[in-house]
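Novice: Have a look at this one.
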Amino acid sequence: MKAIFTPSQQRAHDLCIQQAEGISALSLMERAAFRLYKTMLPEIQRIQPKHIAVLVGPGNNGGDGLALARYLSAHSMVQVLRLNSAQYSPENMEQAQALIPLSHRIHLTDFQLDRPDEFQSFLTTDLWIDALFGNGLSRPLHVDFSPFFAWILSMGKPVWAIDSPSGLPSRPEEFGLENPVLPAQNTYCIDRPAFSMLFPESAPFLGQWQVVPLSHFESKDPDAKLGCWVESADVQLRLPKRRIQAHKGNQGWLALIGGGEGGEGALCLSSGAALNMGAGKILALGQSSARAPLLSRHPEVQFQDMAVLGMVLPEKISALAMGPGAGKTEAFINWLKFALEFPSIPRVFDADALNAMAENRLVQPFQGQVVLTPHPGEFDRLFGTSDRSEQRWQKALQAAQKWNCHIVLKNHITWVFTPEGQAFALNFGTPALAKGGSGDSLTGMLGALLARGLKTTNACLLAVALHGRAARLMEMQRGTDSVNPSELPDYLGLAYRTFEQGERV
């Protein structure tokens, strides 16, 4: 996993890479530029720009852009527009010198914001590369950048950002201020994403983004990070293996509670996902109206009317998940109170279980293994409203420790928080999951993994990653709007295999 750093921590980490690998800052910059180029190359070949303009600042992000310009000159004429400064970094100056032999393909101009006449030569540009500041800004950009950014955007050409779009706040609490930001269609993060990029407020500025690997070296200081960035390799290492002697009795017995009147389909979705996540046996408890639709779709599942069955679970139940489509019936509230006092097995609370916990003030320091899976609205009902996503992040980090539970905070980037104070960011999903029923599948998957005996943190990370990957695979076949939660479980096996085989999706 990659630690998530503040800008100053990232600079210190870059120095650690240089020391660990015995290389210079210039060599590390050259590596970053080459890997940026290789990552961009397929899209460069697709759009075939005749002219590329590279915006560079005075620091090392600008140095990355200068080095990248040399590689791009093999495909296009390159104009480099460097912000005039009294002080350039040493690596920036060396990279600028390296452009001189390529003056027939690359033209370097130093510019000032108050001289717009110097911009006119860029009117033929087909693509802008933003290497002005990256994520190293220590303060918001001056408003003088606003007309310059507006002029670039008025040309209607794509902008690709290196590290992060120039002007994007490095601290999430700065979102909402009237700071100039140059939005990008594509963002290429070197080594790892910046912390501020992992919140919804940044999404309009980032476009499509991906991480460009820089080094396998990773800091061992557990305090020098804001969380962990989960990569595909981390998921691969945690995939459960079904042993040759496996049978239904040792693959976990999951109890699912939900499926109230009007919510019968949610119980079906959770059950299907749990089946496809390998649970050995599933007992579904819901209102009697859920029996027919559930058993017609998933005859492998046992069903009991939760209003008829007393507060007793079979002894061999190994995990419990509750909430999908449950409603607010007295029977369900009684089961919820029972589950909260049943610490001997892992428990997952989602949807109506979370709403009932908020309405009945049932949040308490939990005993045993407990996972809460709220979306932002459910989280706010439980722990109070937040003005910003970063404020909600702080609350979730503290709540997981205070209440002794795991919190899976679902969003376009999902965070997993642990009772030990860890935070994990996962970006395996897709906007195609923005449909009712998607979360019900995740609940069933998470319950199944816990029933099979996985450690709680690993189960949370795997469920979120496989859920998102399955949706992406369906999206690739059908398009974003045609990803249906009822069919998502059918893609879980393929999602598992892509992680197992190390395939990129």
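Rule-based calculations on the coordinates, nothing more; no lab input. Remember, it's a predicted structure, so these values are computed and weren't measured experimentally. Cβ atoms come from the backbone with ideal geometry, glycine included; neighbour counts cover every protein chain shown.
Novice: Working only within region 381-395, note down all residues that are of a type outside the set (A, V, I, L, M), touching a residue at least 12 places away in the same chain (Cβ under 8 Å) and in contact with a helix residue (DSSP H, G or I) (Cβ under 6 Å, 6 or more places away or on another chain).
Specialist: R381, F383, S389, E390, K395
Novice: Any residue at all in region 218-227 that's without any contact (Cβ under 8 Å) to a residue 12 or more places away in the chain and either under 23 Å from G444 (Cβ atoms) or hydroxyl-bearing (S, T, Y) (or both)?
Specialist: no
Novice: If Q9 satisfies all but one of (1) in contact with a Lys or Arg (Cβ under 8 Å, 6 or more places away or on another chain); (2) assigned to a loop (DSSP other than H, G, I, E, B); (3) surrounded by fewer than 19 Cβ atoms within 10 Å (Cβ to Cβ), what's the number of the condition it fails?
Specialist: Looking at each condition in turn, Q9 falls short on (2).
Novice: Which ranges mark the helices (runs of 4 or more DSSP H) fully within region 278-362 that have 2 or more residues being over 32 Å from the mean Cα position of the chain (by Cα) and buried (at least 19 other Cβ atoms within 10 Å of the Cβ)?
Specialist: 330-340
Novice: Looking at this structure, is T418 touching a strand residue (DSSP E or B) at 6+ places or on another chain (Cβ under 6 Å), of a type in the set (S, T, N, Q) and within 25 Å of C228 (Cβ to Cβ)?
Specialist: The answer is yes for T418.
So that you can scan it fast, the table gives a plain yes or no per residue for (1) touching a residue at least 12 places away in the same chain (Cβ under 8 Å); (2) in a strand (DSSP E or B); (3) surrounded by fewer than 23 Cβ atoms within 10 Å (Cβ to Cβ); (4) small (G, A, S):
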| position | (1), (2), (3), (4) |
| --- | --- |
| L153 | yes, no, yes, no |
| A161 | yes, yes, no, yes |
| P183 | yes, no, yes, no |
| M197 | yes, no, no, no |
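Novice: Mind telling me which of the residues A96, A69 ends up being part of a helix (DSSP H, G or I) and more than 14 Å from W128 (Cα to Cα)?
Specialist: After ruling out the rest, the residue left standing is A96.
Novice: Would you please list the contacts, defined by Cβ atoms under 9 Å and residues six or more apart or on different chains, that run from a residue in region 23-39 that is among the basic types (K, R) to a residue that is assigned to a helix (DSSP H, G or I)?
Specialist: K38/Y71
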